[in-house]
Amino acid sequence: MKTRRNLKLDSTPTFHNLTRFMMRAMLCLALCMLALGLTAGARKATIITFDAPDAGTGAGQGTTPYAVNPAGVITGWYQDASNVYHGFLRARNGAIIAFDSPGAGTASFQGTLGYSINPAGEITGYYIDAGDVIHGYLRAPHGRFTTFDAPGAGTGPGQGTGGLNINPRGVIAGNILDSNDVFHSFVRAPDGTITTFDVAGAGTGYHQGTSVSSVDGLNPAGAIAGAYLDGAYAWHAYLRAPDGKITLFDVPGEGTGPYEGPNVTGINPAGVIPGFNGDASDVAHGFVRAPHGTITLFDVLGAGTGSGQGTFAECINPAGEIPGYYVDASGAAHGFLRAPYGAITTFDVPAAGASSGQGTFGVSNNPDGVITGYFVDASFVYHGFLRNP
């Protein structure tokens with residue numbers, strides 16, 4: 001359902017030192033205050049790692065956090081030792097609750113995946129049934145499930161409906177894969193009414209079509225940001241207003257070959273849109289689009305310049321802070337946070353692997369600047385992390 005990963009490419013700001021003016025007559029007190037100031041300036045973000053209790057420990061298995069709400073509650077999924085997916089909720093105190101949607105299959109690569117969580121603790125995602133068909137769900141804070149299928153969703157293996165975003169009002173946005181294996185997008189109102197939509201110019205071939213970005217591609221006002229694949233499999237970006245009006249936009253330097261072009265990864269309450277742009281060499285570059293349309297490109301120092309490498313902006317919070325990861329010249333990933341004014345802080349989970357396909361992947365952040373994501377260790381096992389500013 002998360003089509004943007006078909007791309008071939010696939011901070012907290014630096015602490016400012018506080019200046020303190022001391023009275024010369026109180027030298028001892030001044031020295032104490034200076035010492036405290038230096039300690040505050042040297043304070044570093046903290047990283048907590050975690051695993052769902054039943055997560056598998058084989059290559060490709062493990063825990064994948066995907067979204068964090070304002071209260072610091074995290075959702076995502078884990079893959080167990082039998083390669084079955086299960087959703088999870090991690091409370092702020094670290095307690096982890098596993099959940100499975102009614103109807104979820106129990107065979108390898110079936111099960112339940114959590115994608116987005118709103119301030120009330122409502123979760124949306126999708127489950128894969130025993131026939132490998134995909135269905136959307138809404139999980140209430142107390143654990144009650146409502147499952148749904150969008151009109152036109154296919155019923156064959158790999159087809160169906162995927163919930164990817166939920167906003168504070170309980171509106172859900174996601175994607176549909178129809179019986180012809182073409183993608184379409186939908187909006188589900190709190191009363192269950194589902195509206196589907198397509199962007200003009202979207203392709204109608206295999207795995208072409210319209211998609212919304214996951215985690216925070218739907219803002220509180222109901223604006224949706226996403227991308228579509230055209231008939232030549234090139235990506236293009238769009239913004240859908242709450243009234244349904246669609247605005248297309250280009251990103252400077254975007255490639256026009258298969259799976260090149262902009263991948264949109266979110267929209268915040270102010271309408272700021274982040275993403276990453278695949279150029280003609282299949283290198284990713286981060287971008288941020290202001291509400292008035294101005295686009296700023298950015299690259300993290302140390303990002304590789306080969307195919308599949310570069311800078312991947314993944315999300316945005318109300319303050320305009322953008323988390324993500326960059327892939328270096330060896331193919332290893334490292335987390336980053338870009339401040340609203342452009343400063344970039346990089347970070348690595350100490351236990352992350354350093355080889356190609358391993359490393360630290362920042363995925364989502366909340367209004368307090370808490371980042372969640374996953375890291376892949378030297379054995380290619382997935383683990384969750386939480387980075388506090």
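Expressed as a whole percent, the proportion of Cα-Cα pairs in region 150-300 lying more than 29 Å apart is 13%.
Around the amide H of F298, modelled in the peptide plane, lie the amide H atoms of G286, F287, all under 5 Å away and 5 or more residues distant in sequence or on another chain. A Förster distance of 25 Å, applied to the separation of the beta-carbon atoms of A81 and A378, puts the FRET efficiency at 0.85.
Counting Lys and Arg as +1 and Asp and Glu as -1, what is the net charge of the other residues whose Cβ lies under 12 Å from the Cβ of I96? List each step's numbers first, then the result.
Values: positive: R90, R92; negative: D51, D54.
Net local charge, I96 excluded: 0.
Which whole number in µm²/s is D for region 189-250 by Stokes-Einstein, with the Kirkwood Rh taken over Cα pairs at 4 °C and 1.567 mPa s?
106
Among I117, I47, which comes first, second and so on when ranked by fewest other beta-carbon atoms within 10 Å?
Values: I117 28, I47 18.
Ranking I117, I47 by Cβ neighbours within 10 Å, fewest first, gives I47, I117.
Measuring spread by the Cα atoms of the chain yields a radius of gyration and Dmax of 21.0, 80 Å.
Kirkwood radius for region 258-358, taken over all pairs of different Cα atoms as the inverse mean of 1/r, rounds to 13.6 Å. Peptides 176-185, 341-350, 244-253 ordered by packing proxy, namely the average of other Cβ atoms within 10 Å per residue, highest first: 176-185, 341-350, 244-253. Dividing the convex hull volume of the alpha-carbon atoms in region 318-364 by its residue count gives 64 Å³ per residue. Applying 0.36 nm per residue to the separation of D348 and A140 and subtracting their alpha-carbon distance, the gain on full extension is 71.5 nm.
Roughly how many debye, to the nearest 20, is the charge dipole of region 198-289 about its Cα centre, given +1 on each Lys and Arg Cβ, -1 on each Asp and Glu Cβ, and no other charges? Could the numbers behind the result be given before it?
Working: 3 positive and 9 negative charges, 56 e Å.
My answer is approximately 280 debye.
For region 41-160, report the % of Cα-Cα distances exceeding 26 Å.
Values: 1593 of 7140 pairs.
I get 22 percent for the Cα pairs in region 41-160 exceeding 26 Å.
A cut-off under 12 angstrom between Cβ atoms defines the neighbours of V370, and their net charge, with Lys, Arg +1 and Asp, Glu -1, is +1. What fraction of the Cα pairs in region 67-224, stated in percent, has a spacing above 21 angstrom? The share of Cα pairs beyond 21 Å in region 67-224 comes to 42 percent.
The orientation-averaged projected area of the convex hull spanned by the Cα atoms of region 233-284 comes to 3.8 nm². How large is log10 I(q)/I(0) at q = 0.16, 0.19, 0.20, 0.30 Å⁻¹ when the Debye formula is applied to the Cα atoms of region 258-314, each weighted equally and without solvent? So the normalised log intensities work out to -0.46, -0.62, -0.68, -1.18.
The rule of thumb for compact globular proteins, 2.2 N^0.38 Å, goes into the C-alpha radius of gyration of region 171-211 1.19 times. Neighbour counts of C-beta atoms inside 10 Å place V327, V272 in the sequence V272, V327, starting with the fewest.
So what is the 222 nm mean residue ellipticity for the chain from helices alone, if each DSSP H run of at least 4 adds -39500 (n - 2.57) and you divide by all residues, rounding to the nearest 500 deg cm²/dmol? The helix contribution divided over the chain gives -1500 deg cm²/dmol.
For region 147-225, what number results from the quotient of the Cα radius of gyration and 2.2 N^0.38 Å? Please list the in-between numbers first.
Numbers: Rg = 12.0 Å, N = 79, 2.2 N^0.38 = 11.6 Å.
Cα Rg divided by the expected 2.2 N^0.38 Å: 1.04.
Where a number appears in this text, it was derived from the coordinates with a stated rule and is not lab data. Just so it is clear, the model here is predicted, and its values are computed rather than measured. Glycine gets a Cβ as well: all are built from the backbone with ideal geometry, and neighbour counts include every protein chain shown.
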